[in-house]
Amino acid sequence: MSRPADAVEILRSLPPFRGLEEPELRALAAVVVARYRKHQVLFVEGEPGHTLYFVLRGRVKVYRISSDGREHILRLVGDREPIAVVPFFDGGPYPASAEVLEDSEIALIRAEDFQRAALAHPRILLHMLRLLAGRLREAQEEIASLSLKTVGSRVAGQLLALGKRYGRPADGGVQLDLRLNRQELANLVGASRETVTRLLYQFQREGAIRIQGATIWLLKPDLLRQWAEL
């Protein structure tokens, strides 16, 4: 781990800190940048949540293991997105685990450094409140999706969400720049691998997507939206 010379510029590039003044950013400049290899674990469920993480480059999955040993992916985190916001502020343990999906660069802010900066510059807290409010809204939408929508609707909606966050135009559609296997996608929507695989090939037969190995192209987003609204 190392403290970068351009810590202020790194902070300025992160959505929660955009718009902060130079003195406020400098107060937060105790940020540390670490490089993680694929499959390294950032933290484990139950550990003290003393650090806030931001993915600068790469992909991370946040997940829980159920009592019967099954993995449920709660969130996929990409460039410039935060991890472990709630435990960082409430002082409790991490409610889930986080694992790096590909070689990544992660920025770390320790709670004691953040508290010191926030006491000196209260406007920092207003920016972080927006981040917390956004996370609460996302959690409410996820609960509604899991309780009210069919598996087909959830898979279609998740493909659209992944395309928005990780997609890039390619070959007449949007290629998901994220290599998820069928089990990981199933874990993300709370369904079985067999069900998700069947739905993916159904979407492909209808021309909504194209599948080649672990890569998926979204060809007809409007058709997927119809599925997502069922």
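Values quoted throughout were computed directly from the atomic coordinates according to the rules given, and no laboratory measurement underlies them. Note that the structure is predicted; figures quoted are calculated from it, not measured. Please note: Cβ atoms are built from the backbone with ideal geometry, for glycine as well, and neighbour counts cover all protein chains shown.
Some values worked out for this structure:
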| read-out | value |
| --- | --- |
| Calculated SAXS-style log₁₀ I(q)/I(0) at q = 0.07, 0.18 Å⁻¹ - the chain, Debye, Cα scatterers | -0.25, -1.34 |
| Candidates Gly173, Gly157, Gly78, ranked by Gaussian network fluctuation over the chain, Cα under 10 Å, top entry | Gly173 |
| Square roots of five times the Cα gyration tensor eigenvalues for the stretch 97-230, Å | 34, 18, 14 |
| Computed E for Leu125/Arg64 - FRET, C-beta separation, R0 22 angstrom, nearest 0.05 | 0.15 |
